[in-house]
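Right, one structure below, let's go through it.
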Amino acid sequence: MAKINVTMTVNGEEVSGLAEPRTLLVHFIRETLNLTGTHIGCETSHCGACTIDLDGVSVKSCTRFAVQAEGAQIRTIEGMAEANGTLHQLQESFRQMHGLQCGYCTPGMILRAWRLLQENPHPSEDDIRQGIAGNLCRCTGYQNIVKAIQHAAATLNGETIAEAAQ
Amino acid sequence: MNDMTPTREAREARLEGMGCKRKRVEDVRFTQGRGTYVDDIKLPAMLYGDMVRSSYAHARIRKIDTSKAEKVPGVVAVITAETLKTVNLAWMPTLAGDVQMVLADGKVLFQNQEIAFVVATSLQAAADGVELVEADYEELPVIVDPFKAMAADAPVLREDLAGKTEGAHGKRDHHNHIFKWQVGDKSLTDEAFNRAEVKIDELLSYHRTHPSPLETCQCLASFDKIKGELTLWGTFQAPHVIRTVVSLISKLPEHKIHVIAPDVGGGFGNKVGAYAGYVCAVVASIVTGRPVKWVEDRMENLSTTSFARDYHMRTEIAATRDGKVTGLRVHILADHGAFDACADPSKWPAGFSNIITGSYDFPVAHLCVDGVYTNKAPGGVAYRCSFRVTEAAYAIERGMDILAQKLGMDPAELRLKNFIRREQFPYQSALGWEYDSGDYATALNKAMAAVDYAGLRAEQKTRREAFKRGETRSIMGIGVCFFTEIVGAGPSKNCDILGLAMFDSCEIRIHPTGSAIARVGTKSTGQGHETTWAQIIASEIGIAASDIMVEEGNTDTAPYGLGTYGSRSTPVAGAAIAMAARKIRAKAQMIAAWLLEVHEDDLTFDIDRFQVKGVPERFKTMTDIAWVAYHAPPPGMEPGLEAVSYYDPPNMTYPFGAYICVMDIDVDTGVAKTRRFYALDDCGTRINPMIIEGQVHGGLTEAFAISMGQEIRYDDMGNVMGASFMDFFLPTAVETPHWETGHTVTPSPHHPIGAKGVGESPNVGGVPAFSNAVNDAFSFLGSTHIQMPHDAWRLWKAAEKLGVTG
């Protein structure tokens, strides 16, 4: 099948590559751009392991074609930490609050939480639970993920929060 | 001492040893997407494999035509059973003593069974190839219901077993029979039932479900023809066992097989077994001379690799009128699917289901299990539980509630009356286990106090009266569960896999500058071993956990181990780690004595150093000692500071817990809302309380899913229903209840650090707690037992049957 050149900005850098029209965006990101932090859990839009940020919204990259992302601004998990290695507060809070175990859902979960906090810097627990309902986790039971997002929100807002993970 | 001398507390804190809520070292890479999972590995010239699967559940295959697929641009090879026969791999042995087809050989026995393996230069080309492989089927009658499998006129599923009246576990009574397994004293038990004042008799079904880790099963095989060596990366919970299995079935010498399990995205039992995809990837790599990757998609995962449960348990309890249990009699019909591929220790065809007497002092018991073949996927793995313990715990915990209902007794009171008492440990159960330790009454009383159990029952009474008066449409259930697990398989006297004793192992090397590497025979799939194993070593030898690297999953470097499943890592490998560390400490003590010019017995170990008894300012730290071990060891002593330990556990460990669930159910919609869930766990010594709590949260969430909706269902034609996340219930953050946790600590008396294991307890105890809550809610309306899963539709149907819907 003929391939098409696709160009997009990923984590602040313009990148391009060849993709068949049917190539999924997640495959393009993982196989062509070699950014393997974006994971595949179902390929049917249910699990959210492939969640990225695309033009200001959370997107499940298994349900977009690469060619649909022509010209898009994309952020993946590899673009969360600072260039000097300093973790983003969400990454730090997931670690502090034990918001991950096997780590497979984590990149998608963090990207989704990041967009959630962009839209709502002071989310309630219910806002968070509703906000991450498109991302499945099989290990944590979500309780410490919710705490991690609360912790990150509070820290980013300059508030202090008691240690949640016992 | 001066002000610059760190206090004992400071020295202890620096170690981050056992009991510390140490943050996980794994998280630094995982939060940045820098973990390395199998699918993240790419090799030059790598090919992609994809499976062609059966549309039918039972059919003869007249012909497989691969010619069109082979012409697809990018397709390099199409492998069928005929290809595999040339290397004698069309069939493979299972862990349960059966054989199974790798690729369909003459017929298919379940929907989505593997028929052909297409290998291509891209994912897309492989998928195109799969579409063009044509199979010509002749449909055969299907058996889905295990209760019909042994009918006289039932179709023959396993023609390969024709004439074989003996299986791996004794006599087969029927062409679809796999085994009959019995334990306990039947005549004494029958006698107890003949004398019983009160009896219950209920069929308790534990439906078929699936572990469904977020990362599916996958592998990457790379065969080097020049060296004759195979490297196999895979999602393996037991990499060494995989290496031995690959060697046995491929005839490649074991030292030329390198098995590597990199980061694994959850296992829950799904990644213990050996699957057709692994064998096909290996053969394809040998045939093509190129690396071949195989990655299951979600539908393949849910419908083919290792289901769990599917146990149908007729449960009878005999008791006195005042509520003392006098006998337990259980018959289990076990649906194993098309091949017996259960991942149990060899001698245990029904796993440790004889833990079914639970936490109670049954004087006599008898258990009989019949395993049967059906047209469903093979598996029968321990989905976040020790082997079949979840099923057993469900039967006894539902059974006790049904008995309490019959007696008109409170279910918690019935349990307290029948518990094995603290002074009875070590306790010999009627079905053959020696329970190592426990303090059940303390745990249950603590849980009841935490939720104000008496207050909840009073509220329930009031609300039931209000319901009867028509003032509310909501019914309230209180589910009590007290489970005893049996984990840590296991002692070599009764546990093996393919003849391999179920020990585990650890090698520790202390480096000259006082840091260390530890390699362990287990494999974390999210449990955080890199964090917790270092904590054990830190406490044992006084090197800070942050200075200890833990490595697992590389069979070339790790000592042989049996892997991670059945909550065996801490009971078995955790012990091996402590014992290896103690060997190092013993040598370090000799070096310290020589350096301090005292007798070894004059030294005492204090956190991170050996010091002269009574003279604490004379000491040598482990860092000092490590340098000397490599720089100038005592005369006559071997240089270096390292140790290996292989630990054969003397007994299993028996974690336990008291769970209480409070639920409100709307009878007009069947919607159940968990108001409160309290889980008290006793896993013995606690290595990292933060990780324990996380494990409990996760296990409870899986228990919630299984009991309240998750199911792999089949229609009458054997079509698998619910094989995608559209239909298979995985709760989101919205449905998942809030979890409250508590603990007691009853250390295992035979484990070097007293730890028992915890990861699976919440799944074992959680399911009966939820189901008991649902059933308790309906009990006052005349209901005895409602089968799981308790989704809204089924609960509404139950309410309708009881005549209480609006």
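With the structure loaded, tell me whether residue B:632 is more than 19 Å from residue B:6 (Cβ to Cβ) and in contact with a helix residue (DSSP H, G or I) (Cβ under 7 Å, 6 or more places away or on another chain) or whether it fails that test.
Details: more than 19 Å from residue B:6 (Cβ to Cβ): yes; in contact with a helix residue (DSSP H, G or I) (Cβ under 7 Å, 6 or more places away or on another chain): no.
No: the conditions fail for residue B:632.
For the range B:211-234, does any single residue satisfy the condition of being crowded, with 24+ Cβ neighbours inside 10 Å, touching a Gly at 6+ places or on another chain (Cβ under 8 Å) and under 30 Å from residue B:331 (Cβ atoms)?
Yes: the range B:211-234 contains one or more residues that are crowded, with 24+ Cβ neighbours inside 10 Å, touching a Gly at 6+ places or on another chain (Cβ under 8 Å) and under 30 Å from residue B:331 (Cβ atoms).
Among the candidates A:129, A:75, A:138, single out the residue that is in the same structural domain as residue A:28 (by TED's automatic domain parsing) and on the phi < 0 side of the Ramachandran plot. Steps first, please.
Working: A:129 fails: in the same structural domain as residue A:28 (by TED's automatic domain parsing); A:138 fails: in the same structural domain as residue A:28 (by TED's automatic domain parsing).
One residue alone meets the criteria, A:75.
Scan B:297, B:361, B:344 and give me the residue that is within 20 Å of the chain's Cα centre (by Cα) and not assigned by TED's automatic domain parsing to the domain that holds residue B:256. Before you say what the answer is, go through the steps one by one.
Working: B:297 fails: within 20 Å of the chain's Cα centre (by Cα); B:361 fails: within 20 Å of the chain's Cα centre (by Cα).
Exactly one of B:297, B:361, B:344 is within 20 Å of the chain's Cα centre (by Cα) and not assigned by TED's automatic domain parsing to the domain that holds residue B:256, namely B:344.
Considering each of B:169, B:240 in turn, give the residue that is in contact with a strand residue (DSSP E or B) (Cβ under 6 Å, 6 or more places away or on another chain) and not aromatic (Phe, Trp, Tyr).
Details: B:240 fails: in contact with a strand residue (DSSP E or B) (Cβ under 6 Å, 6 or more places away or on another chain).
Criteria check complete, one pass: B:169.
For (1) among the basic types (Lys, Arg); (2) within 26 Å of the chain's Cα centre (by Cα); (3) buried (at least 23 other Cβ atoms within 10 Å of the Cβ), each residue gets a yes or a no:
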site	(1), (2), (3)
B:409	no, no, no
B:426	no, yes, no
B:431	no, yes, no
B:436	no, yes, yes
B:452	no, no, no
B:484	no, yes, yes
B:487	no, yes, yes
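Results for (1) at the interface with chain A (Cβ under 7 Å from one of its Cβ atoms); (2) among the small types (Gly, Ala, Ser); (3) touching a residue at least 12 places away in the same chain (Cβ under 8 Å), shown as yes or no for each residue.
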position	(1), (2), (3)
B:18	no, no, yes
B:22	no, no, yes
B:27	yes, no, no
B:33	yes, yes, no
B:43	no, no, yes
B:52	no, no, yes
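Scan the range A:93-139 for residues that are more than 8 Å from chain B (Cβ to nearest Cβ), open to solvent by 30 Å² or more (accessible area, probe 1.4 Å), part of a helix (DSSP H, G or I) and over 22 Å from residue A:59 (Cβ atoms) and report the count.
2
On the basis of being in a strand (DSSP E or B) and out of contact with any Cys (no Cβ under 8 Å at 6 or more places or on another chain), does residue B:508 make the cut? Walk me through how you get there before you give the answer.
Working: in a strand (DSSP E or B): yes; out of contact with any Cys (no Cβ under 8 Å at 6 or more places or on another chain): yes.
In short, yes.
Yes/no per residue for (1) without any contact (Cβ under 8 Å) to a residue 12 or more places away in the chain; (2) of a type in the set (Gly, Ala, Ser); (3) outside any strand (DSSP E or B); (4) away from chain A (no Cβ under 14 Å):
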| position | (1), (2), (3), (4) |
| --- | --- |
| B:178 | no, no, no, yes |
| B:188 | no, no, yes, yes |
| B:199 | no, no, no, yes |
| B:203 | no, no, no, yes |
| B:208 | no, no, no, yes |
| B:215 | no, no, yes, no |
| B:233 | no, no, no, no |
| B:242 | no, no, yes, yes |
| B:245 | no, no, yes, yes |
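Given the criteria over 20 Å from the mean Cα position of the chain (by Cα), closer than 26 Å to residue B:309 by Cβ and modelled with pLDDT of 95 or more, does residue B:744 qualify?
Values: over 20 Å from the mean Cα position of the chain (by Cα): yes; closer than 26 Å to residue B:309 by Cβ: no; modelled with pLDDT of 95 or more: yes.
Here the answer is no, as residue B:744 does not meet what is asked.
List every residue pair whose Cβ atoms sit under 8 Å apart, with the two residues 6 or more apart in sequence or on different chains, where the first one lies in the range B:120-138 and is within 12 Å of chain A (Cβ to nearest Cβ) and the second, anywhere, is of a type in the set (Val, Ile, Thr) and not in a strand (DSSP E or B).
B:124/A:23; B:125/B:72; B:128/B:72
For residue B:97, are the conditions met, namely being of a type outside the set (Lys, Arg) and within 14 Å of chain A (Cβ to nearest Cβ)?
On the way: of a type outside the set (Lys, Arg): yes; within 14 Å of chain A (Cβ to nearest Cβ): no.
For residue B:97, the condition - of a type outside the set (Lys, Arg) and within 14 Å of chain A (Cβ to nearest Cβ) - is not met.
Among the residues of the range B:729-741, what is the count of those that are in contact with a strand residue (DSSP E or B) (Cβ under 7 Å, 6 or more places away or on another chain) and either more than 7 Å from chain A (Cβ to nearest Cβ) or under 24 Å from residue B:139 (Cβ atoms) (or both)?
Adding up the residues that qualify gives 3.
Of (1) open to solvent by 20 Å² or more (accessible area, probe 1.4 Å); (2) not in a loop (DSSP other than H, G, I, E, B), residue B:766 satisfies all except one. Which?
(1)
Checking the condition buried (at least 23 other Cβ atoms within 10 Å of the Cβ) and of a type outside the set (Lys, Arg), which residue from B:45, B:13, B:57 passes? Before you say what the answer is, go through the steps one by one.
On the way: B:45 fails: buried (at least 23 other Cβ atoms within 10 Å of the Cβ); B:13 fails: buried (at least 23 other Cβ atoms within 10 Å of the Cβ).
After ruling out the rest, the residue left standing is B:57.
Restricting to the range A:24-45, name every residue that is hydroxyl-bearing (Ser, Thr, Tyr) and under 16 Å from residue B:39 (Cβ atoms). First the steps, then the outcome.
Taking the range A:24-45 and keeping what is hydroxyl-bearing (Ser, Thr, Tyr), we get A:32, A:36, A:38, A:44-45.
Selection gives A:32, A:36, A:38.
Given the structure, is residue B:643 part of a strand (DSSP E or B), among the small types (Gly, Ala, Ser) and either surrounded by fewer than 16 Cβ atoms within 10 Å (Cβ to Cβ) or assigned by TED's automatic domain parsing to the domain that holds residue B:516 (or both)? Full working, then the answer.
Numbers: part of a strand (DSSP E or B): yes; among the small types (Gly, Ala, Ser): yes; either surrounded by fewer than 16 Cβ atoms within 10 Å (Cβ to Cβ) or assigned by TED's automatic domain parsing to the domain that holds residue B:516 (or both): yes.
In short, yes.
What number of residues in the range B:292-330 are open to solvent by 20 Å² or more (accessible area, probe 1.4 Å) and β-branched (Val, Ile, Thr)?
Here is the first cut: in the range B:292-330, the residues open to solvent by 20 Å² or more (accessible area, probe 1.4 Å) are B:295, B:297, B:299, B:312, B:314, B:316, B:320-322, B:324, B:326, B:329.
Going one step further and asking which of them are β-branched (Val, Ile, Thr), we end up with B:295, B:320, B:326.
Summing the residues that are open to solvent by 20 Å² or more (accessible area, probe 1.4 Å) and β-branched (Val, Ile, Thr) in the range B:292-330 gives 3.
Of these, B:708, B:726, which one is free of Cβ contacts under 8 Å to residues at least 12 places away in the same chain, within 14 Å of chain A (Cβ to nearest Cβ) and open to solvent by 10 Å² or more (accessible area, probe 1.4 Å)?
Working: B:708 fails: free of Cβ contacts under 8 Å to residues at least 12 places away in the same chain.
Just a single option satisfies the conditions, and that option is B:726.
The values are calculated or read from the model by the stated rules, or taken from the named source; none is laboratory data. Computed from a prediction, not measured in an experiment: that's the story for all the values here. Cβ atoms come from the backbone with ideal geometry, glycine included; neighbour counts cover every protein chain shown. Side chains are part of the model used for accessible areas, which takes the heavy atoms of the whole protein and leaves out ligands, DNA and RNA. Shrake-Rupley method; radii C 1.70, N 1.55, O 1.52, S 1.80 Å.
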